[in-house]
Amino acid sequence: MKLDVVKLTRDLIAYPSVSLTSNVPVTRHLIGILQSLKFEIEELPYTDVNGVAKFSIIAKLGKGKGGLSLMSHDDVVPASAAEGWKGDPFTGRVHQGKLYGRGSCDMKGPLAATLCAAARFKAADLKAPLYIAITADEEIAARGAWELTRKSKFFREASTGYGLICEPTRLKVVHAHKGALYLEIRSQGRAAHTSTLKGTNANIAMIPFLQEMKAIYDLVLRSKRYRNDEFTPPHSEWSIGINDHNIATNVTPVQSVCTISYRPMPGAQVDDLVERTRRSAQKYGLKLAVKFIGNPVYTPTDSPLVRTALKLTGTRASATVPYGTDGLAFSTRMKNLVVIGPGDIAQAHTVDEWVEIEQLHQAVDLYSHFIDHVCVQGRT
């Protein structure tokens, strides 16, 4: 079966699979394509916190374990014409060598490229299996990737092989990205009219806690322990947010909510930071919830996968990026991961998001070379 990468990308863009809505329709469309290519399909359905039906899939072509996995997501961030788009965000528009539309770059274009590459091969061609992973909710805490990582039989098989996370990198090889940590700390007060002095201001208990968070903020920005010179910038911020959601200035704030996000470097331990924050919260009578912890991705630059990726891309050195991917989940099982895909991350989430059509075609060829190298030739 022959697929056209531009047409397929436009078809996928036409599904408005914004993360807060269901990705089921677009994923069903993808399942139809994969079944026509003779892939076996494993579905991992779930219902999100808002009661919306979602699911991730992983598809397998060939026999055995390991092999090569091409990994994408089919959810996108919101878009509306009111933001200033020159056309319908969910109608793929071609103009002067670029394909415009929500998800064209992040990441329905890269996803389409993986399917077009896979379409060039049959199971009988393969010495090692080829897997296609497509997740939901990558844009909001990678829920779909965590479901796949924890529950998928096919992913357990694939985890001993190579994984390509096909997010946009302009087809440069990325061997590492930062992790993610998200904490929420709450203070509870009692509402009353401020003139009565009968309320309990939830912000008061939060003030000394915030002073201690400022000490952690300073620590992670100056300490070598939390520094990694492979990255630009080489530190991450202990990003502190605060909101009391108060209804009026003459009402005592009944709650105070502090949010902390942090992108840990590969090799940096965050357990001590979490524990220090927990002790501080307890000291001031606050409630702490660890909302999310995701591992950094790091594959050594001298690993066979990175060397293979550099050879197939014709480049001399791999790079790091400061953002995260579904690799936060995948790396808990799969240790050989790189990020490589068409398009520029600078276009992701923007008005009039676009990807260069030439990059999409180059990606199809590159992924085909990977499949041939790992799955057909059986070289690792």
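Across region 308-326, the number of residues qualifying as in a helix (DSSP H, G or I), touching a residue at least 60 places away in the same chain (Cβ under 8 Å) and more than 30 Å from Arg150 (Cα to Cα) comes to 3. State which residue is surrounded by the most Cβ atoms within 10 Å (Cβ to Cβ) when the search covers only region 1-45 and only residues that are polar (S, T, N, Q) and farther than 15 Å from Ile58 by Cβ. The extreme case among them is Thr9.
Are any residues in region 41-81 free of Cβ contacts under 8 Å to residues at least 40 places away in the same chain and more than 23 Å from Val18 (Cβ to Cβ), and if so, which ones? Selection gives Ile41 alone. When Thr350 is evaluated against the numbered criteria (1) among the hydroxyl-bearing types (Ser, Thr, Tyr); (2) surrounded by fewer than 20 Cβ atoms within 10 Å (Cβ to Cβ); (3) touching a residue at least 12 places away in the same chain (Cβ under 8 Å), which criterion, by number, is the only one it fails? Just one mismatch for Thr350, condition (3).
The set of residues in region 88-138 being farther than 14 Å from Pro16 by Cα and part of a loop (DSSP other than H, G, I, E, B) consists of Gln96, Gly97, Cys105, Ala119, Arg120, Phe121, Lys122, Leu126, Lys127, Ala128, Pro129, Glu138.
From the list Gly109, Gly101, the lone residue that is touching a residue at least 60 places away in the same chain (Cβ under 8 Å), buried (at least 24 other Cβ atoms within 10 Å of the Cβ), under 20 Å from the mean Cα position of the chain (by Cα) and at positive phi is Gly101. Residues in region 66-98 that are touching a Ser or Thr at 6+ places or on another chain (Cβ under 6 Å) and over 19 Å from Tyr15 (Cβ atoms) were compared, and the one that is surrounded by the most Cβ atoms within 10 Å (Cβ to Cβ) is Leu70.
Give the residues of region 188-205 that are of a type in the set (A, V, I, L, M), surrounded by fewer than 17 Cβ atoms within 10 Å (Cβ to Cβ) and farther than 13 Å from Ile247 by Cα, sorted by residue number. Listed by number, the residues that qualify are Leu197, Ile204. Taken together, Ser256, Ser280, Ser261 contain a single residue that is at pLDDT 95 or above and either within 18 Å of Ala180 (Cα to Cα) or assigned to a loop (DSSP other than H, G, I, E, B) (or both), which is Ser261.
The condition (being more than 19 Å from Lys2 (Cβ to Cβ) and either of a type in the set (Asp, Glu) or in a loop (DSSP other than H, G, I, E, B) (or both)) is satisfied by just one residue among Asp352, Asp365: Asp352. Checking the stated criteria, Ala141 turns out not to satisfy the condition of being surrounded by fewer than 22 Cβ atoms within 10 Å (Cβ to Cβ), closer than 15 Å to Leu37 by Cα and in contact with a strand residue (DSSP E or B) (Cβ under 6 Å, 6 or more places away or on another chain). Collect the residues in region 238-253 that are touching a residue at least 40 places away in the same chain (Cβ under 8 Å), assigned to a loop (DSSP other than H, G, I, E, B) and not hydroxyl-bearing (Ser, Thr, Tyr), keeping them in residue-number order. Of everything in region 238-253, those that are touching a residue at least 40 places away in the same chain (Cβ under 8 Å), assigned to a loop (DSSP other than H, G, I, E, B) and not hydroxyl-bearing (Ser, Thr, Tyr) turn out to be Asp244, Asn250, Pro253.
The values are calculated or read from the model by the stated rules, or taken from the named source; none is laboratory data. Just so it is clear, the model here is predicted, and its values are computed rather than measured. Cβ atoms come from the backbone with ideal geometry, glycine included; neighbour counts cover every protein chain shown.
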